[in-house]
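Asker: The structure's right below; bear with me while I get my questions together.
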Amino acid sequence: MKIYGDANSGNCLKVKWVSDRLALPYTWIEIDTLKGGSRTPDFLKRNGWGQVPTVELDDGRTLAQSNAIIRYLARGSDLMPGDPYRAAQMDAWMFWEQNTHEPYVAVCRFQTVYLGKAIADLDPNLVKRGYAALDHLERHLGGARFLVGEAFSLADVALLAYTRVADEGGLDLVRYPEIRRWIADAERGLGLPPVR
């Protein structure tokens with residue numbers, strides 16, 4: 001398998017982390033999205049949306065969208081709950097991540113890390129919505145070790161990617177003790193060195 005990704009992108013790191021956690025063999029192909037690497041004719045043959053991550057399976061088929069990729073890679077593993085209701089809860093968190101968390105938390109980080117924007121110059125509404133997402137996560141984690149109860153799942157992988165580096169986008173994690181505890185637990189679950 002080939003993973004086309006940007007090592008600075010949380011969405012791409014999700015795919016790497018799941019592959020590493022499950023000991024899936026792959027070749028990482030770094031794509032510089034800011035220099036148009038995902039817009040070349042060759043790349044667009046693999047992913048017509050021109051986005052990373054994209055995986056090319058050994059049989060030549062390709063798959064895009066980080067959460068779809070990690071669901072495919074993790075099928076049958078301990079990262080996916082066997083109970084249908086728990087699996088649906090995992091999916092709900094993964095949809096929430098892409099619709100309510102990533103558009104604010106990740107975009108704040110993108111603007112500072114990729115575009116070099118000063119934290120003070122971020123759109124206040126973007127920051128406010130990022131904090132609203134983190135507030136929700138904090139409340140939930142106050143009553144659960146992981147996002148789907150006591151078991152580490154793909155939901156944790158999906159939310160960890162940008163939450164663990166939210167401060168790079170000006171979102172202060174000091175005020176979130178449950179999130180910080182969860183980050184440490186999730187990093188251990190993936191065998192990652194602590195981000196802090």
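Asker: Taking the Cα centre of the chain as origin, work out the dipole magnitude from +1 charges on Lys and Arg Cβ and -1 charges on Asp and Glu Cβ, in debye rounded to 20.
Answerer: For this selection, approximately 100 debye.
Asker: Taking the full set of protein chains and a 1.4 angstrom probe, give the accessible area of residue 2 in square angstrom, rounded to the nearest 10.
Answerer: 80
Asker: While we're looking at this one, here's another question. How long are the three semi-axes of the equivalent ellipsoid for the chain, computed from the Cα gyration tensor as the root of 5 times each eigenvalue, in whole Å, largest first?
Answerer: Values: eigenvalues 132, 104, 37 Å².
After scaling each eigenvalue by five and taking roots: 26, 23, 14 Å.
Asker: Related question: As an exercise, identify the trypsin sites (Lys or Arg not before Pro) in segment 83-147 lying in DSSP coil whose Cβ has no more than 16 other Cβ atoms within 10 Å. Display every interim value, and only then the final one.
Answerer: On the way: sites: 86, 109, 117, 128, 129, 139, 145; in loops: 117, 145.
Taking segment 83-147 and a limit of 16 other Cβ atoms within 10 Å, the loop trypsin sites (Lys or Arg not before Pro) found are 117, 145.
Asker: Still on this structure, I have one more. May I ask you to evaluate 6.51 cos²θ - 1.76 cosθ + 1.60, the Karplus curve with θ = phi - 60°, for each residue of segment 109-122 and list the ³J(HN,Hα) values in order in whole Hz, giving x for glycine and proline?
Answerer: Result, ordered by residue: 5, 4, 5, 7, 6, 7, 9, x, 6, 6, 4, 5, 9, 5 Hz.
Asker: Something else about it: For 188, 71, write out the residues from largest to smallest accessible area, computed with a 1.4 angstrom probe and no ligands counted.
Answerer: Values: 188 160, 71 85 Å².
Result, largest first: 188, 71.
Asker: GNM, the chain, Cα, under 10 Å: largest mean-square fluctuation among 78, 20, 123?
Answerer: The residue with the greatest mean-square fluctuation here is 123.
Asker: Now, a different point. Using +1 on the beta carbon of Lys and Arg, -1 on that of Asp and Glu, and nothing else charged, what's the dipole of segment 109-184 about the Cα centre, debye to 20? Mind showing how you got there, number by number?
Answerer: Numbers: 10 positive and 10 negative charges, 7 e Å.
It comes to approximately 40 debye.
Asker: Could you tell me the distance between the Cα centroids of segment 169-187 and segment 72-114, to the nearest Å?
Answerer: One Cα centre to the other: 16 Å.
Asker: Give 35/117; 14/117; 14/35; 2/35; 2/117; 14/45 a once-over and call out the pairs whose C-alpha atoms are over 27 Å from each other.
Answerer: Details: 35/117 18 Å; 14/117 25 Å; 14/35 22 Å; 2/35 20 Å; 2/117 32 Å; 14/45 23 Å.
Beyond 27 Å between Cα atoms: 2/117.
Asker: Can you compute the charge dipole magnitude of segment 22-133 about its Cα centre, using +1 on each Lys and Arg Cβ and -1 on each Asp and Glu Cβ, nothing else charged? Give it in debye, rounded to the nearest 20.
Answerer: Working: 12 positive and 13 negative charges, 54 e Å.
My answer is approximately 260 debye.
The values are calculated or read from the model by the stated rules, or taken from the named source; none is laboratory data. Because the structure is predicted, anything quoted here is derived from the model rather than measured. Quick reminder, even Gly has a Cβ in these numbers, built from the backbone with ideal geometry, and neighbours come from all protein chains shown. The area values use the complete protein model at the heavy-atom level, side chains included, leaving out ligands, DNA and RNA. Shrake-Rupley method; radii C 1.70, N 1.55, O 1.52, S 1.80 Å.
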